[in-house]
Protein chains: 2
Amino acid sequence: MPRPRGFDEEEVLAAACNRFWDNGYAATSLDDLMSATGLGKGSLYGAFGDKHQLFLRALDDYRERFLCGIRSTLLEGTGSPWRRLKAFVMAIAEGASTEQGLRGCLLANSSAELNNRDPEVLARSRSTFAALEDVLAQCLEMARDRGEIAAEADPREQARLLLAVVEGIRFLGQTGIGRAATRQIARSALDAVPKG
Amino acid sequence: MPRPRGFDEEEVLAAACNRFWDNGYAATSLDDLMSATGLGKGSLYGAFGDKHQLFLRALDDYRERFLCGIRSTLLEGTGSPWRRLKAFVMAIAEGASTEQGLRGCLLANSSAELNNRDPEVLARSRSTFAALEDVLAQCLEMARDRGEIAAEADPREQARLLLAVVEGIRFLGQTGIGRAATRQIARSALDAVPKG
DNA sequence: GCCGTTATGGACCGCACGGTCAAGAACGCG
DNA sequence: CGCGTTCTTGACCGTGCGGTCCATAACGGC
């Protein structure tokens with residue numbers, strides 16, 4: 001009966017997400033979004049509402065992909081929990097010091113740009129990093145149960161510290177710090193986790 | 001002979017700085033800046049050039065105040081180097097988890113918003129955090145010379161790790177993490193520095 | 001007190017923004 | 001094949017943007 005959509009919603013969100021990621025929220029115009037997604041204004045507004053709603057949808061999309069990737073890496077990946085955690089932190093350090101690292105993280109960038117004035121962005125940011133903290137804590141707990149880290153180590157405390165380090169590395173990578181430095185920070189942070 | 005300026009350049013820069021800090025670069029309009037500084041367009045443009053140049057001036061101003069405060073705290077403050085460093089890191093943790101903490105750091109916010117497209121902002125960001133790393137390393141070196149931290153500890157490596165932690169705390173504070181968490185992260189990071 | 005010089009305020013400009021809307025195209029169904 | 005429904009396209013709107021400019025005001029020197 002009705003005419004079906006001529007586009008894939010996920011693809012459009014991914015394109016919009018990339019655009020916001022590269023340019024920031026305020027600096028991304030509707031024309032940018034139109035050319036990035038290939039859709040006309042009418043379609044965009046019909047499907048997503050206004051610019052801000054589209055942004056939040058793109059943010060949610062990003063958040064989901066972000067957390068899914070991390071969960072599968074840290075909780076279901078190959079190797080022992082501690083091994084997975086080490087690989088994760090080192091991979092962050094590698095990624096942060098590449099050209100891609102200059103983009104940073106969409107959620108972090110959005111927080112920095114809009115935090116004070118956009119409670120919806122703030123809430124998404126908070127819940128995402130709280131979730132990341134939880135995943136790190138779970139992984140550390142598994143590592144502790146296996147004796148890979150000290151029995152006295154508090155997984156929650158270590159998770160928070162690693163969360164701060166990881167976000168710090170990402171940020172420093174965004175400012176163009178070198179790969180040697182991000183690697184060393186990651187290594188030092190992992191060394192600082194109490195072992196047996 | 002000429003008519004003198006009717007305003008204090010530093011005050012104007014501070015006001016503009018605050019405005020950019022609260023709203024971000026793109027979302028701060030010239031009207032915002034005019035009402036914040038009390039100056040008309042003609043005066044602003046006559047004294048600083050266009051919006052972008054004014055922004056860079058405000059950024060430089062911020063950077064200078066930022067680094068001066070940190071240098072005086074870490075290198076010339078009262079108490080031993082390690083004591084000063086502890087107080088500094090804990091103060092970051094306290095500040096990050098207040099209403100003020102939601103504002104974050106102007107340089108960090110600007111980097112996140114403009115990084116990919118504004119090399120001048122990137123350069124300022126990079127040099128500022130490199131300078132902060134240097135100050136931390138100097139302070140740690142003094143602490144090591146006094147035997148407050150382990151002789152084997154590498155001041156540069158520890159400085160980088162602390163830099164990442166500090167920026168991570170600041171970022172997490174910006175996302176609204178609680179004070180208990182920022183305090184614990186700071187404490188854990190300080191505990192992780194190798195002692196005697 | 002006059003004059004040269006610069007600062008000032010605000011009118012003004014062109015543009016691009018976010019958003020609306022209506023006319024028509026494309027599809028599934030009967 | 002034609003109908004109803006929805007999607008799509010693009011012209012259009014008002015607004016606020018960054019930036020320019022000029023008439024005027026305020027000052028210091030003589």
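Looking at segment B:108-147 only, could you name the residues that are of a type in the set (A, V, I, L, M) and closer than 14 Å to A:S111 by Cα?
Residues of segment B:108-147 that are of a type in the set (A, V, I, L, M), as a first pass: B:108, B:112, B:114, B:121-123, B:130-132, B:135-137, B:140, B:142-143.
Across segment B:108-147, the qualifying residues are B:A108, B:A112, B:L114.
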Does segment A:177-196 hold any residues that are surrounded by fewer than 22 Cβ atoms within 10 Å (Cβ to Cβ), of a type in the set (G, A, S) and either touching a helix residue (DSSP H, G or I) at 6+ places or on another chain (Cβ under 7 Å) or in a helix (DSSP H, G or I) (or both), and which are they?
A:A180, A:S188, A:A192
Taking A:D31 as meeting all but one of (1) within 16 Å of DNA strand D (Cβ to nearest atom); (2) touching a residue at least 12 places away in the same chain (Cβ under 8 Å), write down the number of the exception.
(2)
Filtering segment A:125-139 down to residues that are more than 24 Å from A:A150 (Cα to Cα) and touching a Phe, Trp or Tyr at 6+ places or on another chain (Cβ under 9 Å), which residue is nearest to the other protein chains (Cβ to nearest Cβ)?
A:F129
For residues that are within 7 Å of chain B (Cβ to nearest Cβ) and more than 12 Å from B:V165 (Cα to Cα), tally how many sit in segment A:161-176.
3
Per the list (1) near DNA strand D (Cβ under 10 Å from one of its atoms); (2) within 14 Å of another protein chain (Cβ to nearest Cβ), residue check on B:G40 breaks on (2)
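Based on what the data block shows, is B:D145 farther than 23 Å from B:N18 by Cα and more than 13 Å from the chain's Cα centre (by Cα)?
Details: farther than 23 Å from B:N18 by Cα: yes; more than 13 Å from the chain's Cα centre (by Cα): yes.
Answer is yes for this residue.
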Going by the conditions given, is B:A87 assigned to a helix (DSSP H, G or I), closer than 23 Å to B:Q174 by Cβ, within 16 Å of DNA strand C (Cβ to nearest atom) and not acidic (D, E)?
no
Which of the residues spanning segment A:178-196 are more than 7 Å from chain B (Cβ to nearest Cβ), under 20 Å from A:G104 (Cα atoms) and out of contact with any Asp or Glu (no Cβ under 8 Å at 6 or more places or on another chain)?
A:G178, A:A180, A:A186
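Residues checked against (1) hydrophobic (A, V, I, L, M, F, W, C); (2) within 14 Å of another protein chain (Cβ to nearest Cβ):
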site	(1), (2)
B:S80	no, no
B:A87	yes, no
B:Q100	no, yes
B:A108	yes, yes
B:S111	no, yes
B:P119	no, yes
Within segment B:21-65, restricting attention to residues that are among the polar types (S, T, N, Q) and more than 9 Å from DNA strand C (Cβ to nearest atom), which residue is nearest to B:S125 (Cα to Cα)?
B:Q53
What do you reckon, is B:D61 without any contact (Cβ under 8 Å) to a residue 60 or more places away in the chain, in contact with a Cys (Cβ under 9 Å, 6 or more places away or on another chain), over 28 Å from B:A181 (Cα atoms) and surrounded by fewer than 20 Cβ atoms within 10 Å (Cβ to Cβ)?
yes
Which of (1) closer than 23 Å to A:N115 by Cα; (2) more than 15 Å from DNA strand D (Cβ to nearest atom); (3) away from chain A (no Cβ under 12 Å) is the odd one out, the single condition B:A58 does not satisfy?
(2)
Residue count, segment A:23-54 (criterion: under 20 Å from A:G6 (Cα atoms) and polar (S, T, N, Q))
3
Take the conditions crowded, with 24+ Cβ neighbours inside 10 Å and of a type in the set (K, R) and apply them to B:R117. Does it pass?
no
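Computed from the coordinates by the stated procedures, all read-outs in this text should not be read as laboratory data. All values reported here derive from a predicted model rather than from experimental measurement. Here Cβ is always computed from backbone atoms with ideal geometry, including for glycine, and neighbour counts include all displayed protein chains.
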